[in-house]
Each structure stands twice: as structure tokens, then as C-alpha cells.
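S.K.: Here it is, the structure, as C-alpha cells.
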Amino acid sequence: MQITAQAHAELKKVLDGYNRQGAGIHIFSTHECCGPSIQMDIANQAVMNETVISLEGIEFYVTNDLLAKVEEVTIEFSSNGFRLAGLNKTSSGCC
């Protein structure tokens, strides 16, 4: 997993605004009608089924079932928000 300089700067701003020591970015999967979707959110700390990945001073708490999927991902940021570039999606569902 990698992160661009712009994505790093934006996530750093978000975490600094959250103002909780040890907080990081939780990366997890949800299942919707269009199939699985990978999400990011702020978390106070990692939980039992997560692996901590540290990138340039930011802690990412990745659920263990996603580790292989995000291994080659680059977190990017643009005017549309954050994006996980290089994510190999498998399509299923109604969308």
C-alpha cells in the first residue's frame, strides 16, 4: 500500500482536526447490492481483526480480510475525494 503526497497531506489535516492521539484510518469492506465496497473512516485504534500499516506517519487499520486486496493500492486524493487506485474489483450484484 502506498499514498500520494496530496492524499497524505489531506489525511494528516483530517486526523489533526480529529485531535485524538493514536487515531488512524480504518479501511474495511461493506457489502451492498452492487457487491463489496471498500471504505475508509477515522478510528481511535486498531481492533482485534485488523493489521496496522504505517505510511509516512499515518496509521492505517486494515481488516485482515482486505490485506491482499490493498497490497498494491495507492491512496490518492483529488477534487472528488479519496480514491484507492489499483484496486482490483470483482463485480457482482445489481449495479
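Read the figures in this text as sums done on the coordinates, not as results from a lab. As the structure is a computational prediction, the values presented were derived from the model and not from experiment.
S.K.: Using 0.36 nm per residue of separation minus the Cα-Cα distance, give me the extension gain between SER78 and ASP16 in nm, one decimal.
M.R.: Gain on extension, SER78 to ASP16, equals 20.4 nm.
S.K.: Over the Cα atoms of segment 1-51, what Rg and Dmax result, in angstrom?
M.R.: Spelled out, the Cα radius of gyration and Dmax of segment 1-51 are 12.8, 36 Å.
S.K.: For segment 73-85, just list the computed ³J(HN,Hα) in residue order, Karplus coefficients 6.51, -1.76 and 1.60, θ = phi - 60°, integers in Hz, with x standing in for Gly and Pro.
M.R.: 7, 10, 7, 10, 9, 9, 4, 8, x, 7, 9, 9, 6
S.K.: Could you give the angle, 0 to 90 degrees to the nearest 10, between helix 5-18's Cα long axis and the longest principal axis of the Cα atoms of the chain?
M.R.: The helix 5-18 is inclined about 70 degrees to the chain.
S.K.: For THR51 and ALA68, calculate 0.36 nm times their separation in residues minus their Cα-Cα distance, and state this gained length in nm to one decimal.
M.R.: 5.0 nm
S.K.: Assuming a ≥ b ≥ c are the square roots of the Cα gyration tensor eigenvalues, decide whether segment 2-85 counts as rounded (a/c under 1.5), prolate (otherwise, with a/b larger than b/c) or oblate.
M.R.: Verdict is oblate for segment 2-85.
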